[in-house]
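Each remark here refers to the structure printed beneath this line.
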Amino acid sequence: MAVSAHVSKVRSLYKRILVLHRFLPIDLRALGDQYVKDEFRRHKSASPEEVKSFMAEWENYKATLQTQVLESAGERLGSVKFGADLSEMTLSNFQEEQIGQLYELMLESTKVNRQFDIQEDSK
């Protein structure tokens, strides 16, 4: 794949994920946006093999989130569950650093007083 086509594909995926995040509760959106930005920035100089895996996983994330957003249309946002469980097989393929990041993300997204505890104006 030509470099410009690859860059275009990465940008398109990145932007689509950020658009889908607009449908998340605002505190999860802030957390998710920051995580996506950090991960895409961190992988700018990744090897072709890592990039292939990276893109596949983010495409899966986008597809899952898109399905959940569409299913949540018309429901109360507080009653919608976003995310997916990871199988043991998937987790066994993660590096230690990835497990640590996933654990930190899980802690932040499930605690009562989140770092990104943002409230929407009800005007």
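Restricting segment 15-25 to residues that are open to solvent by 60 Å² or more (accessible area, probe 1.4 Å) and in contact (Cβ under 8 Å) with a residue 12 or more places away in the chain leaves a set whose member that is farthest from Arg41 (Cα to Cα) is Phe23.
Selection of segment 59-91 for residues being over 17 Å from Arg29 (Cβ atoms), open to solvent by less than 90 Å² (accessible area, probe 1.4 Å) and at pLDDT 85 or above yields Glu59, Asn60, Ala63, Thr67.
The values are calculated or read from the model by the stated rules, or taken from the named source; none is laboratory data. Nothing here was measured: the structure is a model prediction, and the numbers come from that model. Note that each Cβ is placed from the backbone with ideal geometry, even for glycine, and that neighbours are counted across all protein chains shown. Surface areas here come from the heavy atoms of the whole protein model, side chains and all, with no ligands, DNA or RNA. Shrake-Rupley method; radii C 1.70, N 1.55, O 1.52, S 1.80 Å.
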